[in-house]
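A quick write-up on the structure given underneath.
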Ligand SMILES: Cc1ncc(COP(=O)(O)O)c(C=O)c1O
């Protein structure tokens, strides 16, 4: 019997990939229990009707052949035009490669930057697939901690200390999932300096750039000397409620990098369906209205959720500056956040994500996604607050 490659078998290390609570919740739901699922960053509302209509029209018009692997020209043009001001740079449409969501963009960027055994710095807390994506590309993820008391801002000296001769890239996610932190200009300038000083790639995951609530978005790629050493990851999953469409893109530093990524996609997705690319284009052509509307909805939910959770005398809440999650610190009364999450689920039917799924910096935390209608969300937060206040480890 041939054996599977160690590379593919070690993408997820250990049995648990962090989704155990969600799986349990779904099992309970199938058994008839009422569940409020706040685990995944997936919207509780569908993609806007005009976008769905654009897809149906493209299907009716027979746009069902292979899609352009690079991405159709009119889509890349509108992405470049709209993304330029967001990231503070001029973007050549040819440097944009359309990808199967932000996730495929992350994988492609890791493949582009890393040779087997190369190290990639991932800043904690990080989106749950980051270390797996680096490993899938043959790299070695080096997690650098941040601290709840610093609002999860990375410390540049700590990042510098993690750099070795094998380091090739830094993966930076601001606005951040799960913390909702927005890295300050000082932090981003520090990261940019490290990349320049040590000749590193920056992979800048900016999928939450449209959901910033306190200050305008600042892309590290706009800083001096960064354009030519950066890949930007973006996606319409969160901004346009298009998670299932797998509609993202990578902005590459130059044509050589873009061509390499197109070659990689030639061997995998082989392009995004034309009817999806046409729907993406139609969505972007309507301007910023739809994404503002979604961002406003999450801002409102954030405020309602934080108010309901704040009734607890025990939960320490990190009010998010961005994105669609709220992270809570339980360390002063909970030793195992995963155990707490399972107990919360059993007692109240509310499913939350244990913080350990995002790295050690958020051990002893839980994260909720703001992905339930307002009243349901407030009900769930009220349950979480009451459960926390009566929780006993014995
Ligand atoms: C920080 C971050 N990057 C990338 C992604 C992947 O996005 P997509 O659904 O477009 O693949 C997510 C999804 O939750 C995310 O939170």
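Rounded, prolate or oblate for the range 179-289? Axes are the square roots of the Cα gyration tensor eigenvalues, ordered a ≥ b ≥ c, and the cut-off for rounded is a/c under 1.5. Spell out each step's value before the answer.
Values: a/c = 2.51, a/b = 1.26, b/c = 1.99.
Oblate is the answer for the range 179-289, as a/c is 1.5 or above yet b/c matches or exceeds a/b.
At a 10 Å Cβ-Cβ cut-off, how would you order 356, 205, fewest neighbours first?
356, 205
Based on alpha-carbon atoms only, what is the radius of gyration of the range 107-179 relative to the globular estimate 2.2 N^0.38 Å?
It is 1.06.
Mind checking the angle between helix 73-87 and the chain's longest principal axis? C-alpha axes, 0 to 90 degrees, to the nearest 10.
The helix 73-87 is inclined about 60 degrees to the chain.
According to the square roots a ≥ b ≥ c of the eigenvalues of the Cα gyration tensor, what is the shape class of the range 49-287, taking rounded for a/c under 1.5, prolate for a/b larger than b/c otherwise, and oblate for the remainder?
Since a/c reaches 1.5 and a/b is larger than b/c, the shape of the range 49-287 is classed as prolate.
Could you work out the percent of alpha carbon pairs in the range 77-144 separated by over 18 Å, rounded to a whole number?
I get 48 percent for the Cα pairs in the range 77-144 exceeding 18 Å.
Report the gain in length on full extension from residue 374 to residue 81: 0.36 nm times residue separation, minus Cα-Cα distance, nm rounded to one decimal.
Between residue 374 and residue 81, full extension yields 102.1 nm more.
Sorted by average packing, counted as other Cβ atoms within 10 angstrom per residue and highest first, what order do 222-229, 191-198 take?
Averaged packing, sorted descending, gives the order 191-198, 222-229.
Looking at the range 278-394, I'd like the Rg to Rh ratio, where Rg is from alpha-carbon atoms and Rh is Kirkwood's inverse mean 1/r.
1.06
If you stretched the chain out fully between residue 382 and residue 26, how much longer would it get, using 0.36 nm times the residue separation minus the C-alpha to C-alpha distance?
Stretched fully, the residue 382-residue 26 segment lengthens by 126.0 nm.
What is the Cα centroid distance between the range 197-225 and the range 241-286, reported in whole angstrom?
About 20 Å separates the Cα centre of the range 197-225 from the one of the range 241-286.
At residue 256 and residue 390, where each label point lies 7 Å from the Cα along Cα→Cβ, what is the point-to-point distance in nanometres?
6.4
FRET efficiency for residue 197 and residue 307, Cβ-Cβ distance as r, R0 = 41 Å, nearest 0.05?
About 0.40, to the nearest 0.05.
At a 10 angstrom cut-off on C-beta neighbours, averaged per residue, how do the peptides 267-280, 58-71 rank from highest to lowest?
Highest-to-lowest ranking by the protection proxy: 267-280, 58-71.
What translational diffusion coefficient, in µm²/s and rounded to a whole number, does the Stokes-Einstein relation yield for the range 94-217 at 20 °C and a viscosity of 1.002 mPa s, taking the hydrodynamic radius as the Kirkwood radius over Cα pairs? Mind dumping the intermediate values first?
Values: Rh = 14.7 Å.
The diffusion coefficient I find is 146 µm²/s.
Measuring from label point to label point, each 7 Å out along Cα→Cβ, what is the residue 228 to residue 347 span in nm?
5.8
So, in nm, how far is label residue 150 from label residue 316 when the simple model puts each one 7 Å beyond its Cα toward the Cβ?
Going by the 7 Å Cα→Cβ label model, 1.6 nm.
Only the coordinates and a few stated rules stand behind these numbers; no lab work does. From a predicted model like this one, the values you see are computed outputs, not experimental measurements. So basically every Cβ, Gly included, is an ideal-geometry build from the backbone, and we count neighbours across all protein chains shown.
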